[in-house]
Every structure is written in structure tokens, then in C-alpha cells.
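Computed from the coordinates by the stated procedures, all read-outs in this text should not be read as laboratory data. Keep in mind that what you see is a predicted model, and the values were worked out from it rather than measured. Reconstructed Cβ throughout: ideal geometry from the backbone, glycine too, with neighbour counts over all protein chains shown.
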Amino acid sequence: MKKYLKLVNFEFNRVVKLFIVLLGITLVVQVAGVIIKSKDYLNMANEKINEDLIPKAQFLTDYGQFSFLHIIRSLWFVGPIALCAAGVAFYIFLIWYRDWVGKNIFVYRLLMLPTTRFNIFFAKISNILIMTLGLVAFQLILLPLEAMVLKWMVPDEFRNDMGIEEMITSIPELNIIIPSSFVELILYYGAGLMAVSILFTAILMERSFKWKGIIAGVIYSAIAVIVFISPVLLQEFVLNSYFYPMELFVIEIVMAVIVLAASVWMSGFLLKKKVTV
Amino acid sequence: MKKYWKCTAIIAVIVFSIGTFYVNSAISADQNPEFVMKTESGDAKEIEPLVLEGNYQGDSSMNYVSKSLKITEDGTDYTNRSFLDRLIGSPTPVIKELQDEYHGFMRGKTPAVSLFFENNQRLAYANVEYKIGDNSLKTRDYTFDISLLNKEDGSTDSFTMKIPDGEELDHIFVEDVQIVDGELNIITENTVRNSDNIFNEKHVYTIDIENQEVKNHEAIHAPKGQENSQSEIQLIESEMSTTAHEKLLLLKTDRKIINDSESTRAEEINRELISYNLKTKDKGKISGDLNLNENEISSFDGSTVYLTKVDGQEHVITPFHLEDRQIGTAFRFQLSDKPNIKEPPMIRIKDGKLYATSQRMNSKIDGNVIVADLKTGETLYKGKLGIKDAEDEKDDYDLYINDMFVK
């Protein structure tokens, strides 16, 4: 356990720079977005009211109040989130391949560690999870701050305040990243964990068998996906909705656990017996 | 520990931030007001079987966020809150009861009340299955998918059969299922395409359960295509239930199509009620002083049709007994002091009892609930929809009742 924690900490220290950069970009771009969007709106209001001489009440009914919705739907807000997602996706591969590049091949030392090699796998996958949840947590902290900035920028009568929950449920993309219930959070990120474990296995296959490994990895991923969705396919095409939704749900969870376990076992096997430096 | 500070810090932030968010959202979920039916007079027992389904729109900034809820005697249940609720879906109470009682039989059955029939001996299900053509989107190979449960010995009998003349159909769907004299009757709406015109016809397929074959197939109504008229027929289903009735009731509406230079519109010229006896296969127009131009048909319980109309401030419910073709004593009621003509009350009639509720309530409009015995004309229950705790009272909200069930 202690060895595992050491490894997690070690891996985290290696990614912390990238992580901080992503946080920084998110903070700067989103807050800038809030300021720019609010300014745009206020400028427009100013123009309409003071130059086109539209009464204030008329302006508000025509153009509506300014709310966080305007910001959330803009590239200023969604852009950094997409960037972070891409960053994490990229790092899923980099977390392995960086160990194989350079003069002093790092993985050599990693594999020589006096600990079970399962720990290397667990430490890496834990890091992906920590990074992802860290970004989500940061976004959750940012949202109220951004709402506050908006409050400073836009006067009361032009503003329509929203709660954090309303912001999140207002666009479906955000609702996937931050689901509205804790059960869903577990399920979504659990599914993500399973997907990452499949990818890790495929990467390790490539590292073990090179070109042949790529094919093996693709085949493994395909089988894993098919196994995972097989209950749904059977339900739809063969069994004529035999299962009640709740039963199907439980079966799916069991399938996910099976796929996850198989991936972990397979990765451990590859790390112990097959991986080449 | 000092060595691990970065990692520890980030995990602490994650737990704190995500934890706070979900704790807060759990707390704010409780802030939705609890609606109850407050008894004003009568016996609160009368509303025990009543389930009101609706939407609540809060006074939050974005009014489009509406939450669906169920109001019963016990209070309010906000549905769709939890992920698992959404996953399981919310079948209507009738279907839910059937699923609980006949768990195995109900597997793989489309959860629509009209597809089921239940009496003391049997539970029957019929639906249409079809394939989508290989190289066109045209559906084909229509078959009936039938399942019968014998309640006494628990045996299930399932079979499929080709629908006669299925090739000519454009589409078909089941509107009602009835067992009369040991024969299964499937009432369907068939869509038939005839060159350019599309017609909706009502058909009855009588199926011999023993031999698993179609014994009789009859079109109750098949409108003839005419240049400038249109005839529509609508099955008046008895209350959302699976109970037996020998007679079908259909409302036929004839419309004249008027071609103006600029537009085409349809004008209603005639409405009539047609009854169809599943036992004798007799079809006939129901004569009698139904006054269908004024009255709306709001309910049918197998033997009595209930007609409703608005008369000034009051709502008038007139029963019409099919057996002796007699109009019964009209029941008049006033749901609230300021009736809302735009949104008429929602009405359900079950076992001779009338259940009526307003479709909308807010801080200005009262929501009322009435239960009355239509036979005696006595009001059994009178109540108001309201927020349970006075401190939760809000200025700006709307509660819409979209549906009403009597269990």
C-alpha cells in the first residue's frame, strides 16, 4: 500500500506542471470570457439605450437580461473545458510512452522497483483519475467565482442570477462532466475508468509486442467493448426487451466490473511477463 | 506525509469541492415546495386513490427549469430527481401494478395500458410487430404478438400470427384489447394508402384463442375517399384501465374541406357516436339527445358516457346510459369561485365517482380538487392544492397538472 502511494505521488509530481498549466488556462480564459461577454452586453445596452433611445424596460424585454447562460454557451467557457479533456486524453498515452523515450529509459528503473508491477498500473490509472476529478473540482470552484465576477460587472437590473446547479444543467455537455447526482458521478467516472483501463491494456500490448501488439490491442479493445455492450444488444435484438430496465442496469454494472477486472489482470500479466524495454 | 503534500492537497480539494457541490444540491432539492391536498370539507379518504402528475416551475431565474412531480394524499414526490428513477422510468400506476403482480408475464411487454386486458381469469396482451424492409424504410410482415396469462394456474400462452391482408397496410397499431366470450378482440387503427390518399380505418380482429387463428376481421369504419370531405373516427377508451367491456364507443367526426383561394381548411359538419358490440358484432349510431356540438365526451366507463360542458361559471356533467339510451341527471359543479375558462378542469370518472382538479395553480390562481358521487350528486370531498408549510410559500411559481390517475 505504501509503495503504491509513493508511486502515485511520484507520478503526480511528474504531471503537476501540465496540470497547473491546464488549470491556469481555464482560469484565465473563462474569467476573461465573463468579462468580455459582460462588456459586450453592456456596450450593446448602452448603445441601444443612449444612442437609439430605446427605453430601458423596452430593451430588457427585447434583448433579455444578461445571465450566466450567455457565457456558458460561448467558446470562452467551453473552449478550456475541451482543452482540458483533450489534455487528459493525450496524457493517457503519454503517461506510458514518456517512460520509454529519452536517453535513460525511465521504465527500466520503474520495472526494477522492489514492488509488484501491478502497482505501476494502479498508480498510473489513479493519476488519470486524480487529474480528471481535479479539473472537475476546479471547475466547480471556478463557477461561483465567475458568477461573482459577473455580479461586479453587470448592474442588478440587467442581470439574472443563476444557481450553480442551474448553470450546470443548462447545457448537456457540462451535465456529462458534472452530473446532477452523485450516483451518476460514480457511474460516469466508473465507466471512464473502465475505458482507460482498456486503453492501458492496449498500450501495454503494443509495448510488449510492437506492431503485432497494435493489432492485438485493437482486437482486445473491440472485444472489451462488445462484451460490455452485449447485454444491451441482446436486449434490443434478441430478447425483445426481456429484462426490466433495473435488471439490465445491474447486468451492465456486472459487465463493467468484468471488463475492468480482465483489463487489470491482462495489464498485470503483460507488465510482469511480456513487457520489453 | 510532507513528501506527499501535492497529492494530498489535490485529493483534499477534490473531495471538498465535489462533496460540497453534491451536498448543496441535495439540500436545494429539498427546497422544492411540498404540495399537498388540503381538505376543506368531506372525507379525506376519498382522495386516497388519487395521483396527480404535473410540473412545478419555480421562481428561479430561469423559469424553463421545470420539475415533474406527483401529488398524492401523502404529499409530493418529485420524480426524475434521482438517476435511478429516470432509469427505471415511470410506468403508469396500472402498468406498475401489473408489473409487480405478474413480474414474469410482463417481461418484454410494451408498457401501454391499451395493449392489456384483465379480468378475473385472464390477463391478455396484444401488440403488433413488424420488420423494417431491407432496402426501403417501408415496414412489412405485420404480425400480432399475443400473450395470455391464465391467472388460475399461472400458465402463459404466447403466440404470433400474421395479420390478414397485412401487405396492404401502411401502418397498424393496437388501440384496445378485449376478451369477450372467450374470444380475443384486437381493436386497431389501420393506415391504408390508396394512391395519394391516406386513410385511417378502425378494425376489429377476432381471434380464436384455442386454435390461434383469426376468426373474424371487420372494418368498423373505413372512410371512403371523397373529394372535399374528411371523416375521422376516434375510439373512446374507457378510463385508463384494462377492464372488460363488450361495447366499443366511437366518435365519428365528419369535416367538409373548404378550398379557398389561399388556404385549405376543414370545417366540422357532423359528429356522431357509434357503438359497436363485440359480442354480436352489431354496429349502430347512438341516437339520443347527446348534443355533441356543445358537449365534449370526457369519459366512458363501459356502460355510461359522460358528457361535459361549461355553463357559465359551472361545469355540467351529463351521464348517458348506453343500455337504455337515457340521459341521467346532470351533475353541476363549480371548481373555484373564479373559473378559469382557458384551462378547463381535468376530469376523471371511475366507479361512478367524479374526480376533478384544476390544471394550473399558483399564488394567484387556486388549485382545487373535488370528488363527487355522480349517482347521488353528493360532493364527497372538497380540497385545495397548496404548499404544505406556510414558510415555503412563494410569490412566483406555477404548478401544472398534466395528468390524473385514480388507482
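When the charge dipole of region A:1-169 is built from unit charges on Cβ atoms (+1 for Lys and Arg, -1 for Asp and Glu) and taken about the Cα centre, the candidate among A:Gly24, A:Thr169, A:Phe158 whose Cα reaches farthest toward its positive end is A:Gly24. Modelled this way, with points 7 Å down the Cα-to-C-beta line, the labels at B:Lys279 and B:Arg325 are 1.8 nm from one another.
For region B:82-177, the spread of Cα positions along the three principal axes, ordered from largest to smallest, is 40, 38, 19 Å.
Of B:Lys70/B:Lys353; B:Lys279/B:Lys375; B:Lys45/B:Lys384; B:Lys45/B:Lys407; B:Lys215/B:Lys279, which pairs sit farther than 18 Å apart, going by alpha carbon to alpha carbon? Pairs exceeding 18 Å: B:Lys70/B:Lys353; B:Lys279/B:Lys375.
Seen from a random direction on average, the alpha-carbon convex hull of the protein assembly as shown projects onto 42.6 square nanometres. The alpha-carbon of A:Lys3 sits under 20 angstrom from the alpha-carbons of these aspartates and glutamates, leaving out residues fewer than 8 places away in its chain: A:Glu11, A:Asp99. Bridgeable aspartates and glutamates around B:Lys382 (alpha carbons under 15 Å apart, same-chain partners fewer than 8 residues away excluded): B:Glu40, B:Asp43, B:Glu46, B:Glu48, B:Glu73, B:Asp337, B:Asp366, B:Asp373.
According to the calculation over all Cα-Cα pairs in region A:1-169, the P(r) per 5 Å bin from zero is 1, 7, 14, 15, 12, 10, 9, 8, 6, 5, 4, 3, 2, 1, 1, 0 %.
The mean of 1/r over all distinct Cα pairs in region A:181-277, once inverted, gives the Kirkwood hydrodynamic radius of 14.5 Å.
Its Cα centre serving as origin, chain B has a Cβ charge dipole (Lys and Arg +1, Asp and Glu -1) of approximately 1180 debye. Cβ-to-Cβ counts within 10 Å put A:Ile223, A:Ile141, A:Ile71 in ascending order as A:Ile223, A:Ile141, A:Ile71, the fewest first. Taking only the C-alpha atoms of region A:77-149, the Rg (one decimal) and the largest Cα-Cα distance, Dmax (whole number), read 16.6, 51 Å. Translational diffusion of chain B was estimated from the Stokes-Einstein equation, with Rh taken as the Kirkwood radius over Cα pairs; at 25 °C and 0.890 mPa s the coefficient is 99 µm²/s. Taking amide H positions as modeled 1.01 Å from N, with prolines and chain starts lacking one, the residues under 5 Å from B:Ser231 and 5 or more places away or on another chain are B:Arg255. Summing charges over all other residues whose Cβ lies under 9 Å from the Cβ of B:Ser275, with Lys and Arg as +1 and Asp and Glu as -1, gives +2. Compared with the dominant Cα axis of chain B, that is its longest principal axis, helix B:5-29 is turned about 50°. Return the Rg/Rh ratio of region A:29-89 with Cα-based radii and a Kirkwood Rh. Across region A:29-89, the Cα-based Rg/Rh ratio is 1.17. Note on region A:150-277: lysine pairs with Cα distance below 23 Å, sequence gap of 8 or more or different chains, count 6.
Computed over chain A, relative contact order equals 23 percent, with contacts defined as Cα pairs under 8 Å that lie 6+ residues apart.
Its Cα centre serving as origin, region A:1-169 has a Cβ charge dipole (Lys and Arg +1, Asp and Glu -1) of approximately 1540 debye. Using θ = phi - 60° in the Karplus curve 6.51 cos²θ - 1.76 cosθ + 1.60, the 3J(HN,Hα) couplings for region A:196-209 round to 5, 5, 5, 4, 4, 4, 4, 4, 5, 5, 4, 5, 7, 10 Hz; x is entered for Gly and Pro. For region A:34-51, backbone phi angles converted through the Karplus equation (6.51, -1.76, 1.60; θ = phi - 60°) give residue-by-residue couplings of 4, 5, 5, 4, 5, 4, 3, 5, 5, 4, 4, 4, 4, 4, 5, 7, 8, 9 Hz, Gly and Pro being listed as x.
Place +1 on the Cβ of every Lys and Arg and -1 on the Cβ of every Asp and Glu in region A:3-95, take the dipole about the Cα centre, and give the residue among A:Asn46, A:Val34, A:Cys84 whose Cα lies farthest towards its positive end. It is A:Cys84.
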